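First the structure, in the form of structure tokens, and then the observations on it.
The values are calculated or read from the model by the stated rules, or taken from the named source; none is laboratory data. Quick caveat, the model's predicted, so the values are computed rather than measured. Counting neighbours? That spans all protein chains shown, and the Cβs are built from the backbone with ideal geometry, glycine included.
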């Protein structure tokens, strides 16, 4: 077993999750605690070096700025392929949670025995954690886990038995807790306000599309010499091209892969395009972000044919910046409505420092001097509104925050992104995790899953 490969994967994954300060949702522990548990299960059940490395890296593509391309460059095709098989392929636009989980389950069913074994280890550790800390969601998770176990038939038999026992114990514990009273939910905003925000979110989610930021995709016949393709890409400043077979683009080739081929056909370095890398030209930007979180490029299709390409640098374009700022605005409207519903008499003022309240009062006076009608709550900073909400456990859970301390770090990151957007600074290098968070947020708000039901 290659200890060096495993050590590099452990270091890479630990640092990637630590850079975004990702922690276990319920305990606040560093995320590496979960990764270590999954890797240890794979090691204990005879996994090879690539499997153990992939166990460490299994959440890297979904949760951090790293792409599958990054992993392949760092750890080779075998490890990257395993992580790809462990990475969900459904998108928010595919439908509700049940539909998306069915798509991901079909993806897992087609995975190799090695990848299915890692998936089992992930399920086992997550199941234990959820039953211990979130019985309400654990009921949903265990139902989904049961369906997954039915399709992970190629996985290690002993680990499958352990997963079954873990699921049975979890179901028994949940049955014991069945009659425990649920936590009282926060009062929702007024139904009319909720429906108005949901309608605005639906409109905004589709206000911009992939075709608004895409660049034309250069393409070449697969027999074209790699050196000639490289020269053409260099002249046009392109990092990737489509590869044609019988007149249709069926694969892609990256500029960096061509140098070693010389006069050999460029198709030798090509990779077949998959659905996971493609978005329709009319797809919303949230779907583009979803693809770019996993892959180096998103290939834009028109009538099913790849015609254009989007890279992360394209997310710096003005259209994207306007879209992100708009999501923050819609989210802030949601936060404001929730604070009003939670503290209808303005009791929230007792929960903020005198300095923060004074700043809001000064802004209110200035706006009123200019003839603007506004309340004190309207004049609170974006981060102050979020800090108020996370004091409520129900709101903390609804916002999918792992805990107050981690939530405060997320708030700081969102404020940083907001400032970078306002001052036309780079938003890709340091803010990708928050861009992905906002993309999920607008999908949830537009579908209604991120908003309370209005009556």
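When the residues of region 28-47 are filtered to those that are farther than 15 Å from residue 124 by Cβ and touching a residue at least 12 places away in the same chain (Cβ under 8 Å), the one that is surrounded by the most Cβ atoms within 10 Å (Cβ to Cβ) is 31. In a residue-by-residue description of region 69-84, the property of being assigned to a loop (DSSP other than H, G, I, E, B) and crowded, with 21+ Cβ neighbours inside 10 Å applies to no position. Of all residues in region 297-332, those satisfying the criterion of being at pLDDT below 90 and within 16 Å of residue 281 (Cα to Cα) are 303, 304. Residues of region 316-356 that are over 29 Å from the mean Cα position of the chain (by Cα), free of Cβ contacts under 8 Å to residues at least 24 places away in the same chain and closer than 20 Å to residue 412 by Cβ: 353, 355. All of 363, 377 fail the test of being at pLDDT 90 or above, surrounded by fewer than 18 Cβ atoms within 10 Å (Cβ to Cβ) and more than 29 Å from the chain's Cα centre (by Cα), apart from 363.
Looking across region 48-62, the residues that are closer than 17 Å to residue 291 by Cα and either touching a helix residue (DSSP H, G or I) at 6+ places or on another chain (Cβ under 6 Å) or buried (at least 18 other Cβ atoms within 10 Å of the Cβ) (or both) come down to 58, 59, 60, 61. Only a single item in (1) farther than 22 Å from residue 11 by Cα; (2) surrounded by 19 or more Cβ atoms within 10 Å (Cβ to Cβ) is not met by residue 96, and it is number (2).
When the residues of region 122-149 are filtered to those that are farther than 23 Å from residue 54 by Cα and out of contact with any helix residue (DSSP H, G or I) (no Cβ under 7 Å at 6 or more places or on another chain), the one that is modelled with the highest pLDDT is 143.
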